[in-house]
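The structure appears below as structure tokens.
The values are calculated or read from the model by the stated rules, or taken from the named source; none is laboratory data. Computed from a predicted model, the values in this text were never measured in an experiment. Here the Cβ positions follow ideal geometry from the backbone for every residue, glycine too, while neighbour counts run over all protein chains shown. Surface accessibility is based on the protein's heavy atoms, side chains included, excluding ligands, DNA and RNA. Shrake-Rupley method; radii C 1.70, N 1.55, O 1.52, S 1.80 Å.
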Amino acid sequence: MAWVAPLIYLHITLFLFILEMGHGTEEDSRMLGVTAPGDIIIGGIFPVHEDVDKMNNSFAPHLQPCIRFVERSLVKVLAMINAIELMNKSPLLADVNITLGYRILDSCSDVSTALRATADFTQRADCYTGSNTCDQLVMAVVGASYSELSIAIARQLTLKMIPQISYSSTAVILSDKSRFPAFLRTIPNDEHQTAAMVSLLSTYDWNWVGVVTTDGNYGLSALDHFFSQATEKGICVAFKSILPQSVTSQDVGSAISQTATTILTNPKVQVIVSFAKPTLMMHLYQELKNQMLRAGQNMASMRRVWVASDSWSSSSSVIKHTTLEDIGHIVGFTFKSGDLSSFSEYLSRLEAAGHDYTRNNTFMQEFYMQLNASEGSGGAELASKAVNILRKHIHADTVFSVEMAVSAIAQAMVSICRSRDCQTPGTVQPWEVLKALWMQKFKLREKTYQFDSRGDINLGYDVTMWRSEGGKIHVHDVVAEYHPQNNNFTHTNHNTIQQLWDLKHIISKCSNSCIPGEFKKTAEGQHTCCYECINCTANYYSNDTDMDECLSCDTNIEWSPEGSSSCIPKALLVFSWQDGFAVVLLTFAALGILLALLVSALFLNQRDTPVVKAAGGPLSQIILFSLVISHISAMLFVGRPNSFRCKARQVLFGISFTLCVSCILVKTLQILLVFQFDPELQEVLRRLYQPYVIVSICVALQATTCICWLVLKSPFNHTIKYPTTLLEDCNEGSYLAFGVMLGYIAVLALVCFICAFKGRKLPQQYNEAKFITFSMLLYLISWLLFVPIYVTTSGVYLPAVEMVVILISNYGVLSCHFLPKCYIILFKKEQNTKSAFRKNLYEYSNKTAVAVSVSAVTNCRDVSSCTILHKGSITRHCLRRTISI
């Protein structure tokens, strides 16, 4: 007989349900719902059913039957009822002596049905048996869930300025108070949610994503905002699949199939953002699995990171036919939640009350009936199972949002009723409640809240990470909080940080990141996220990943090779003191100075000897002094150039070596004068021979050239820019002046060479003609070679070229003019006497006399007369040379 009680209960439930349906058929405006009396009536609209049966094609107005009962929406209804009952028990309402009643209707997730419910709220209700809500207006409405419904409802409620507070409608358009002045909500709008999603994608460097949404106001609005915000952050939408809003649409099957195909054919898209309904996501996952099985592919290839919007982020039923391991990772965005203890207690009371609670709640009646039909239970057992199912569908964020809406309305009514009697119908108008809601703050569990200027309450979002444990899906694990004011995340659960870290290894990009040294090149017509990585050209660089263009180096001081991530400072080149070649040349210059000084000291010490006198006496000291200066000028070619160094080095060399060559020229003329046999020519040379005047004139001309050079276009230091180096060098200013200076010395050297060449056969021990000839020839050859080398050479060793030539010239003079004399002075002292000098001279004279005599005999017919003539002449010239020398 145990089956009798359940049977009786079932019959009673069916009778009450049919009776309520009878009321519905008597008048189209009468709808199934939950009612409770009170001084102030609050309306509620919830999608207790997922859709309506649209098979009826009647032209007459009719109420379409609702289908697909949704347990999670029943939880929202019960949350509102519990919140109202708690307020009725609070001292707040007792102080103003009012109670709250409610009328909660089902929108059936359908706009037409929702509008019928709204019409029920906006017109005075007809009395019917068992109700005392006659002639009472609904002061405020809580709902609806979906933005499409809220938009339609808001337009109708605005006509009478009945305040509407939604707990989950997030479309941005509803924040426009010029169009929806009576709409409020206890959650932020989608603008903040899409910003949070974009911020998450940027954090993990995912820039190639897909979007799944619905074709309603909510889905399309969310898509538009997500797309614009993602584009600003450099995130590209690879594809967007728009599913029908209605789950019973004829096109929903093909749309889901096409979406699944699109996802599987875009393997680079590893992250998908979804704004779809839970049922649509459940069918999508099922279709993905079916297509994988039909293709015989590994289920792992369908794994993705799914970024879930608030519409399904807490609905574990979406993976009813699959597993979380097959799907991948689900990161959800949920509204902020509160304490569920009072609602949990309410469900416990509901379980204890059993079927007695269903008398004024047709939703619970239908739920019990469906549950009894499938489970075959009754009584307390049925109530217990019903409550357990409802507990599984509790979404803490939605419950909290509903409680906030009820608290806001209740406290607004209290503020109004403190100054009037609100028990009398018509005392309070809905627009007054709306004004109070806008103007005043309200409290819930000791926290204060207030609607902002857009009618929203923006508390941010909780970021959840789904996980599977023991076959059970946990969807409420909050791993981070999103703060819209700062657009950043903070971790809240250190135990799940590893889960977030695992997401770092997931790559969702159309193209691999361009490393530093490369830049992105996007083909025309392609997404900006699909690109080719091209190396930066020389003298350009990129110092970050995925740069759109390379940055230019400052080519005055920097350079970079192809594919560089930074600029390299150009090496400063200079013929420095540390350079090995410079050290060698400096050593030779220093040695030259030392030798010149030693020779000068030796010549001073031996100044009265014939060798020193034959070498020019005081002129030799001038030559040695000029060689010292010339060696010093050579040293100025080493080191970092400056203005003084550039001007001094050429001028010092030009004047000093001119002085040197001028003195050598005087010595050459002296030799020709002494050993010239032609009396007339000797006399001319004797008159012209003024040593110091000649030297002064020669040096003065060179000094004039150098002064004009320095005044008009003097040398200066400058930096030559090469591709990878900087060369600090001296620019000669006027290369014409530079050439004139060197050419002038060359002319003097050539004159010396010609004159010395004519006297090359004079006495060997004291004759400098040969050495002068060789030194001047060496000078002329070295400087002739210098010109083409200097013109064709560039770089750090260009100063060394001239330095080498200067040293060669100096050493040529030093070694040819002075070293042989030093050898005689030091090692052949017997030859450095007047007697030895006279002996050598007479021997040379005798040889010359014989040569001249032979020549005379050959050319004379009268031999005797010729011999007498030449002997007398030679004797006289020898006497003159002896006296002169």
* Structure fact -> Per its Cα gyration tensor (rounded if a/c is under 1.5, else prolate when a/b beats b/c, else oblate), the stretch 99-225 is best filed as prolate
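Around Glu558, under 13 Å between beta carbons, what's the net of Lys plus Arg minus Asp minus Glu among the other residues?
On the way: positive: Lys570, Lys721; negative: Asp554.
Result for the local shell: +1.
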* **Amide hydrogen neighbours beyond the local backbone of Tyr102, cut-off 5 Å, H modeled** => Ala36, Ile42
* How large is the dipole of the stretch 412-511 about the Cα centre if only Lys and Arg carry +1 and Asp and Glu carry -1, each at its Cβ, rounded to the nearest 20 debye? -> 180 debye
* To do: With a/c under 1.5 counting as rounded, go ahead and sort the stretch 295-368 into rounded, prolate or oblate using the C-alpha gyration tensor (a ≥ b ≥ c being the square roots of the eigenvalues; past the cut-off, prolate if a/b is larger than b/c, else oblate).
  => prolate
* **Unit charges on C-beta of K, R, D, E only; dipole of the stretch 784-843, Debye** => 480 debye
* Which whole-percent values make up P(r) of the stretch 476-581 when all C-alpha to C-alpha distances are grouped in 10 Å steps starting at zero? -> 13, 23, 21, 22, 12, 6, 3, 0
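Ignoring ligands, DNA and RNA, how do Ser301, Ser109 rank by accessible area with a 1.4 Å probe, largest first?
Numbers: Ser301 55, Ser109 20 Å².
Largest accessible area first, the residues go Ser301, Ser109.
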* To do: Starting from the Cα of Arg391, step 7 Å along the direction of its Cβ; do the same at Glu680; then give the gap between the two resulting points in nm.
  => 14.7 nm
* To do: Using +1 at the Cβ of each Lys and Arg and -1 at the Cβ of each Asp and Glu in the stretch 289-344, identify which of Ser301, Thr323, Phe333 lies farthest towards the dipole's positive end.
  => Ser301
* To do: Please state the charge dipole magnitude for the stretch 299-356, taken about the Cα centre, from unit charges on C-beta atoms (+1 on K and R, -1 on D and E), reported in debye and rounded to the nearest 20.
  => 320 debye
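With an 8 Å Cα cut-off and a minimum separation of 6 or more residues, compute the relative contact order for the stretch 617-731 in percent. Present the calculation step by step, with values, prior to reporting the outcome.
On the way: 108 pairs, mean separation 34.7, N = 115.
It comes to 30 percent, rounded to a whole number.
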* To do: Calculate the spin-label point distance for Ala373 paired with Asp224, positioning each point 7 Å from the Cα along the beta-carbon direction, and give it in nanometres.
  => 4.2 nm
* Structure fact -> Full extension between Arg640 and Ala703 adds, at 0.36 nm per residue less the Cα distance, a length in nm of 20.1 nm
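Report, to the nearest whole %, how much of the accessible area of the stretch 346-445 belongs to carbon and sulfur atoms, 1.4 Å probe, protein only. If you can, show how the numbers build up before the last one.
Details: 2120 of 4210 Å².
The value for the stretch 346-445 is 50 percent carbon and sulfur by accessible area.
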* Structure fact -> SASA check, Phe588, accessible area w/ 1.4 Å probe, all protein chains in place, rounded to nearest 10 Å², comes out at 100 Å²
* Structure fact -> For the stretch 349-441, listing trypsin sites (Lys or Arg not before Pro) in a DSSP loop whose Cβ sees at most 13 other Cβ atoms within 10 Å gives Arg359, Arg418, Arg420, Lys441
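Rounded to the nearest 0.05, what FRET efficiency do His474 and Ser301 have when you use their Cβ-Cβ distance and R0 = 25 Å?
After rounding, the FRET efficiency stands at 0.50.
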* Asked: Under a point spin-label approximation (7 Å from Cα along Cα-to-Cβ), what is the Asp339-His505 distance to one decimal in nm?
  -> 4.2 nm
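Take each of the peptides 181-194, 574-587, average the number of other beta-carbon atoms within 10 Å over its residues, and list them starting from the highest. Mind showing how you got there, number by number?
Working: 181-194: 24.9, 574-587: 15.1.
My ranking of the peptides, most packed first, is 181-194, 574-587.
Suppose the chain between Glu481 and Ala571 were pulled fully straight at 0.36 nm per residue; how much longer would it get relative to their current alpha carbon spacing?
On the way: separation 90, 0.36 × 90 = 32.40 nm, distance 5.22 nm.
Fully extending the segment from Glu481 to Ala571 adds 27.2 nm.
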